[in-house]
Amino acid sequence: QVQLVESGGGLVQAGGSLRLSCTASGTTLSLNFMGWYRQAPGKPRELVADIARGGSTNYVDSVKGRFTISRDTAKNIVRLQMNSLKPEDTAVYYCNADDRGGEYWGQGTQVTVFS
């Protein structure tokens with residue numbers, strides 16, 4: 001089993017920055033993808049960015065050039081640096097990871113961007 005704990009959410013003015021962190025614990029040796037999803041009120045959960053064990057990354061178009069995902073495989077940490085935040089980035093952000101045993105989710109952290 002894998003446990004994911006997020007930190008770093010909060011309230012920020014449009015144009016500002018936040019950094020989210022997620023630490024994985026438990027059986028982490030075989031984790032493949034780690035990433036971040038978000039869910040705004042009344043909308044489905046969407047992938048924001050993910051990063052493979054080998055380092056390749058994937059971003060949703062709406063955050064390209066503004067968000068950067070990084071991963072410290074040795075420490076089982078994945079981070080999401082969010083710059084130039086917009087009100088439409090407001091959502092609960094969830095850490096996600098997978099291995100051959102399944103898919104795991106964190107509890108979520110709220111990000112609120114006000115104009």
Give me the one-decimal Kirkwood hydrodynamic radius in Å for segment 1-60, with the sum taken over alpha-carbon pairs.
13.5 Å
Direction-averaged shadow area of the convex hull around the Cα atoms of the chain, nm²?
6.6 nm²
Whole-Hz Karplus ³J(HN,Hα) for segment 99-115, in order, using 6.51 cos²θ - 1.76 cosθ + 1.60 and θ = phi - 60°, x for Gly and Pro?
8, 5, x, x, 10, 10, 10, x, 7, x, 9, 7, 10, 10, 10, 10, 9
If the cut-off is 21 Å between C-alpha atoms, which lysines fall inside it for residue 86, apart from same-chain ones fewer than 8 positions away?
43, 64
Non-local amide H neighbours of residue 99 (under 5 Å, H modeled in plane, Pro and chain starts lacking H): which ones?
32
Let me know the whole percent of all Cα-Cα pairs from segment 45-109 that are separated by more than 21 Å.
23 percent
Per residue, what accessible area does the chain have, given a 1.4 Å probe and all protein chains present, in Å²?
52 Å²
List the relative contact order of the chain as a percent without decimals, with contacts defined as Cα pairs under 8 Å and 6+ residues apart.
36 percent
Would you mind telling me the share, in percent, of accessible area of the chain contributed by carbon and sulfur at probe 1.4 angstrom?
49 percent
HN-Hα couplings for segment 28-44 via Karplus (6.51, -1.76, 1.60; θ = phi - 60°), in whole Hz with x for Gly/Pro, come out as 9, 4, 9, 4, 9, 7, 10, x, 10, 10, 9, 9, 8, x, x, 10, x
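The values are calculated or read from the model by the stated rules, or taken from the named source; none is laboratory data. None of these values were measured; they are calculated from a predicted model. The area values use the complete protein model at the heavy-atom level, side chains included, leaving out ligands, DNA and RNA. Shrake-Rupley method; radii C 1.70, N 1.55, O 1.52, S 1.80 Å.
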